Structures are given as structure tokens and as C-alpha cells.
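Written below as C-alpha cells is the structure these notes are about.
Derivation of every value follows stated rules applied to the coordinates shown; laboratory data play no part. In this text, all values refer to a predicted model and were calculated from it rather than measured experimentally.
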Amino acid sequence: MGRRPQREIRERLLAACTEHVLAHGLASGLPAMAATAATSPRMLVYHFGTRERLLREVLEEARRRQLQLFHRALSPQDEPYEQTLARAWVRFTGPEGAPFLRLFGTVHDDPGLWPEFRQAATTDWLPVLEQGLRARHGDDAPALATTALAVIRGLLLDRDATGDIIRTDTAFTTFLRLLTPTRAEGDGDPSGNTARAGAPPARGGPSEKGPPAWAVQRQSPASSPSPCSDPPPPSGLGTDITATL
């Protein structure tokens, strides 16, 4: 009779395999995962039963980590929710969030890996978005949560297809300005400035139409797309990442 798998060993192997898949994707294969986990493919199957069961548990662990990270980013803070969304966008598209988007883009394209994923990838995010939007938008919050999620997905697809960081960052900032309620002219501002409160500041001040300062900092001038040239290649792996939030 074989030994029962030890829980702590199993957890260590799962963590190592999850890190590997987030870095290299599912296509890297069982031998590569085993090497990262300092074990053999045979021992992975011993601890998880089958290759398919291992991959499913790796995806579930990666999803748990993504939910934890993204829910922290989207949870309402003591600030206008548009500012929270602006910072969340930076985390989603930066080094912290991009591995999850790439991985779950693959899962979206291959439902056999996780049949329930597509629906969960939508319903998981609507409650926290609705909670954040309700303070300013009341009964419109559910519809606006769906709208915000659709905008985020569409811009992520655009970003993955074109690699155009500045344009998609600027588009998201513009959406946040449209989302923010406007003040009456001159209300609460002796200068008469009617800029929407809570929106991320645009480069050079509220009167300039250029991309926001936080967007410019994330792409050097040398890599900025020229209107006369093709956009840079996508930063992702070419997968559909629109359903990964």
C-alpha cells in the first residue's frame, strides 16, 4: 500500500506549478512544471492523480490569487471611486496583473479546461464594481458596473492586439471622466473650473487633451507609437484576454 500524499508537499508542489504556469503558460508542459517544482512528472501525477486534475487545481489556485489581487484593487476606498478604478487599471495592465490576463485568456479560448470559467469571469467582478459605483450613481450602479466591465474588457483586447499602451490608457481615463458626475458651472470653485472631480489628472493639467501623466510614465518616448507607423507588437501572448477579469 502506497504512502498517502502529504498535505504540505502537495501544497508546495501546487504553489510551484502555479508560479510556473503564470510565468510560462499552460503549453509549457508537465516536465517543465516538474522541473520548476524540483520533482518529476511521475511524482506530480502521484500527488494529484492525473495531469488534468493537476492543471485544474493550478488554474483554481491562480484564479484564487487573481481574485484576491483584483478585488483589493477594485474595493471602494475613502476617495471617489473613479480614482480607485484608475489605480486598478494600472495594476491590471502592469507586471502584477498581466500574467493572470494572459493565463486566463488561454482558458477562455479553450473552455474544456474549465467549462464554468466564462460565466464566472463575468459575475465575479460585477458586485465589487456595483458597490463602488453605488455611492455616486445610486440605482444606476448595476448598469454602470456592466458598462465599466465591458469598457475594461474592450480596452484590454485592444491593448493585446495592438500593443498601444498610451492610446488605451488615455481611453480609459476619458471613460472615467465621462463616468464622474459634473459640477454645476463654478460650483465650489472660484475659478469657474468645471472639471470632473475624481478623474485622474491629464498631462499638463485639466485643459490639455494629451494622455495622463501616469500613462506616459509607463511607456518611454522611444516606444510610443507614431501615427505614421505600425503600432508596436502586443505585449501579451496573443490570446483573448477580454474575459479574464
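Using the Karplus equation 6.51 cos²θ - 1.76 cosθ + 1.60 (θ = phi - 60°), what ³J(HN,Hα) coupling, rounded to whole Hz, does each residue of the stretch 78-89 give in order, writing x for Gly and Pro?
Ordered by residue, 3J(HN,Hα) equals 7, 6, x, 5, 4, 5, 4, 5, 4, 5, 4, 4 Hz.
May I ask you to compute the full-extension gain from Arg177 to Ala23, defined as 0.36 nm times their residue separation minus their alpha-carbon distance, rounded to one decimal in nm? All intermediate terms of the calculation are to be shown ahead of the outcome.
Values: separation 154, 0.36 × 154 = 55.44 nm, distance 3.45 nm.
Once the chain is fully extended between Arg177 and Ala23, it gains 52.0 nm.
Per residue Cα convex hull volume for the stretch 1-49, in cubic angstrom? Write out the running numbers ahead of the final one.
Numbers: hull volume 3.2 nm³, N = 49.
Residue-normalised Cα hull volume stands at 66 Å³.
Through the Karplus equation 6.51 cos²θ - 1.76 cosθ + 1.60, θ set to phi - 60°, convert the phi angles of the stretch 118-134 into ³J(HN,Hα) values in whole Hz; use x for Gly and Pro.
With the stated coefficients, the stretch 118-134 comes to 4, 5, 5, 5, 8, 5, 4, 9, 5, x, 5, 5, 4, 4, x, 7, 5 Hz.
Relative contact order of the stretch 74-131: what whole-number percent is it, with Cα pairs under 8 angstrom and at least 6 residues apart?
Numbers: 20 pairs, mean separation 19.9, N = 58.
Relative contact order comes out at 34 percent.
Multiply the residue gap between Ala120 and Ser75 by 0.36 nm, knock off their C-alpha separation, and tell me the result in nm, one decimal place. Please list the in-between numbers first.
Details: separation 45, 0.36 × 45 = 16.20 nm, distance 1.83 nm.
The Ala120-Ser75 span can extend by a further 14.4 nm.
Using the Karplus equation 6.51 cos²θ - 1.76 cosθ + 1.60 (θ = phi - 60°), what ³J(HN,Hα) coupling, rounded to whole Hz, does each residue of the stretch 56-65 give in order, writing x for Gly and Pro?
Residue by residue, the stretch 56-65 yields 5, 5, 4, 5, 5, 5, 4, 5, 4, 5 Hz.
How high is the relative contact order of the stretch 1-119? Use alpha-carbon pairs under 8 Å, at least six apart in sequence, and give a whole percent.
Working: 79 pairs, mean separation 27.6, N = 119.
Relative contact order, the stretch 1-119: 23 percent.
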